[in-house]
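The values are calculated or read from the model by the stated rules, or taken from the named source; none is laboratory data. Predicted model only: the values in this text are computed from it and were never measured. Note that we place each Cβ from the backbone using ideal geometry, even for glycine, and neighbour counts take in every protein chain shown.
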Amino acid sequence: MIKRTVLLIYTGGTIGMIKDKDSGTLVPFNFDDLLNRMPELNQLDCDIETFTLKNPIDSSNIQPSDWLDLAGKLEEFYDDYDGFVILHGTDTMSYTASALSFLLENLRKPVIFTGSQLPISDFRTDAKENLITAIQIASDYDNSNNAIIQEVGLYFENKLYRGNRTTKINSEHFEAFASFNYPSLAESGVHLNYKRHLFPERNQEKLKVYKKLDQNVAIIRLFPGLTESILDAIINIKGLKGLILETYGSGNAPNKEWFVNSIGRAVKNGIIVVNVTQCPAGMVDHSLYEVGLQMRKLGVVGGRDMTTEAAITKLMFVLGNETFSNSSEKCLRINLRGEIKDREEKF
Ligand code: ASP
């Protein structure tokens, strides 16, 4: 058996915090010392190396430039390790996992995000199980020397999810993430059970790492009472190129004249408008109701079952990379990394 190597990248967040003896506040943990503090990691049949970002951050501060840096780091170390675990604050972990899934094309190695609700130093911490199993998944290869997981995953509280399908759903429970529109890829109990039928098709292409994201995007969540002036203030932002519209139910929005005119004008002005639902589960279907049909007529892209996290990062990705400039709308509709239900659409 080949001994696998895993690189653990600490970006910040609760998982890497310990209580400072003097001040009592949470301060970043020195991951170089990880094996001494968590001797159980020695039982894993792999070598673990750690890399801590220069300035670990609370994930509320994460920016697209950090996603590009992280993708760059993974590219730099890609050939040197068999798998990667990224320790990240839970608050924006789903955004980062989604962004990385788009930036890394043709992944053949596991990139597993995890974090925790309690610091690693807390005696009731959830960090240890999350970390140990994430490392186990990142080092898991089959007998033909292929990584079991060849995509960006997010492991939390006994479940491995496709990263770009996740949403943070709870700020207190250990079960902090959910993937409402796609089943978990693996579950850990007494055994670690992979659901191989859910894995993406394997390909032999070389890893491609994209280098750009376009931040000229916005999200509008509809609510009864949204006014024309507020909608227009956003749509008229200079340089705006893409808009995620979080609509009701199966993709429904008001069919009031002012609303239809504003969205129609945005589309005419070249802004790509993507419709995702506010419902945690289910999908946008423009053909169900007249108010949904209206969206299709206006040229709004149906985001089907994408999460908002996946939709906004996909929009930044598609708008940012020239490869897609002639087909950006089509790319938003189709499945790039397992983020959207794969079916030829009638939209
Ligand atoms: N605020 C923290 C963060 O996202 C919370 C966490 O790590 O869970 O960085």
Taking first residues from the range 147-158 that are within 15 Å of residue 200 (Cβ to Cβ) and of a type in the set (Asp, Glu) and second residues anywhere that are buried (at least 21 other Cβ atoms within 10 Å of the Cβ) and modelled with pLDDT of 95 or more, the pairs with Cβ under 6 Å that are 6 or more apart or on different chains are 151/107
Filtering the range 250-285 down to residues that are touching a Ser or Thr at 6+ places or on another chain (Cβ under 8 Å) and in contact (Cβ under 8 Å) with a residue 40 or more places away in the chain yields 250, 251, 253, 272, 278, 280, 282, 283
So the check is Cβ under 7 Å with 6+ separation or different chains; which pairs have a first residue in the range 112-133 that's without any contact (Cβ under 8 Å) to a residue 60 or more places away in the chain and a second one that's acidic (Asp, Glu) and crowded, with 16+ Cβ neighbours inside 10 Å? 126/157
The condition from (1) at pLDDT 95 or above; (2) surrounded by fewer than 16 Cβ atoms within 10 Å (Cβ to Cβ) that residue 89 misses is numbered (2)
Being of a type in the set (S, T, N, Q), more than 15 Å from the ligand (Cβ to nearest atom) and surrounded by 19 or more Cβ atoms within 10 Å (Cβ to Cβ) narrows it down to one residue among 101, 94, 23; which is it? 101
Kindly indicate whether any position in the range 70-85 is in contact with a His (Cβ under 8 Å, 6 or more places away or on another chain), touching a residue at least 24 places away in the same chain (Cβ under 8 Å) and among the β-branched types (Val, Ile, Thr). no
Members of the range 74-86 found to be under 17 Å from the mean Cα position of the chain (by Cα) and either within 13 Å of the ligand (Cβ to nearest atom) or surrounded by fewer than 18 Cβ atoms within 10 Å (Cβ to Cβ) (or both), listed by number: 86
Which residues, taken from the range 321-343, are free of Cβ contacts under 8 Å to residues at least 40 places away in the same chain and either buried (at least 18 other Cβ atoms within 10 Å of the Cβ) or closer than 22 Å to residue 202 by Cα (or both)? 331, 333, 334, 335, 340, 342, 343
In the range 34-46, is there at least one residue being within 16 Å of the ligand (Cβ to nearest atom) and at pLDDT below 80? no
Test of understanding: among 243, 213, 231, which residue is part of a loop (DSSP other than H, G, I, E, B) and surrounded by 11 or more Cβ atoms within 10 Å (Cβ to Cβ)? 213
